[in-house]
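K.L.:
The structure that follows is given in the form of structure tokens.
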Amino acid sequence: MGLGGSGGWVKIGLVIENQHVRQNPGEEFRRCFTDDNFDLVVWYGSDETIVGFELCYDRADDEKAVRWLAGHGLSHFRVDSGEQRASANRSPMLVDRDGEFEADRVISCFEAAADGLPVEVAAVVKSKLRGGG
């Protein structure tokens, strides 16, 4: 698939794309973007359309994630860092999120950062965050 390119980290405005994302056989192609406030993973189907994404936000505080998958809709999670002791290095995981998804705040912050994203990625993420299926 021609979406990944070659090289390492590519800076697009304030957004950085990691072009060395591990692609797992049998799974959708994915791209990963990051900036100071967000991490965004985007999954593509075999026809190169976006079939899902995961947007992590509030990374410096109580990190949360919003995931959209075609056919499943939007889900909201809290990110458990897995780091309870300095001597343990455990993997982060998504857990059920108590409380409401602050869609307006997240959308506003995402829009401010989205200028550095590919247009189609920004459009799909904004649409789904606004409740577009």
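The values are calculated or read from the model by the stated rules, or taken from the named source; none is laboratory data. This one's a predicted model, so the numbers in the text were calculated from it and none came from an experiment. For neighbour counting, all protein chains shown are included, and Cβ atoms are generated from backbone atoms with ideal geometry for every residue, glycine included.
K.L.:
Can you confirm whether the stretch 86-109 contains a residue that is at negative phi, part of a strand (DSSP E or B) and at pLDDT 80 or above?
P.N.:
There is no residue in the stretch 86-109 that is at negative phi, part of a strand (DSSP E or B) and at pLDDT 80 or above.
K.L.:
Specify the residue that is nearest to the chain's Cα centre (by Cα); the eligible residues are those in the stretch 42-67 that are modelled with pLDDT of 95 or more, assigned to a strand (DSSP E or B) and not aromatic (Phe, Trp, Tyr).
P.N.:
42
K.L.:
Can you list residue pairs whose Cβ atoms sit under 6 Å apart, with the first residue in the stretch 59-70 being in contact (Cβ under 8 Å) with a residue 12 or more places away in the chain and the second being among the acidic types (Asp, Glu)? Count only pairs 6 or more apart in sequence or on different chains.
P.N.:
64/58; 65/54; 67/54
K.L.:
Let me ask another. Under the condition of being of a type in the set (A, V, I, L, M, F, W, C) and either in contact (Cβ under 8 Å) with a residue 60 or more places away in the chain or part of a loop (DSSP other than H, G, I, E, B) (or both), which residue from the stretch 32-41 is farthest from residue 76 (Cα to Cα)?
P.N.:
Applying the filter and picking the extreme gives 33.
K.L.:
Specify the residue that is farthest from residue 107 (Cα to Cα); the eligible residues are those in the stretch 68-79 that are touching a strand residue (DSSP E or B) at 6+ places or on another chain (Cβ under 7 Å) and modelled with pLDDT of 90 or more.
P.N.:
Ranking the qualifying residues of the stretch 68-79, first place goes to 70.
K.L.:
Name the one entry in 30, 22 that is within 11 Å of the chain's Cα centre (by Cα), of a type in the set (D, E, K, R) and farther than 15 Å from residue 109 by Cα.
P.N.:
Exactly one of 30, 22 is within 11 Å of the chain's Cα centre (by Cα), of a type in the set (D, E, K, R) and farther than 15 Å from residue 109 by Cα, namely 30.
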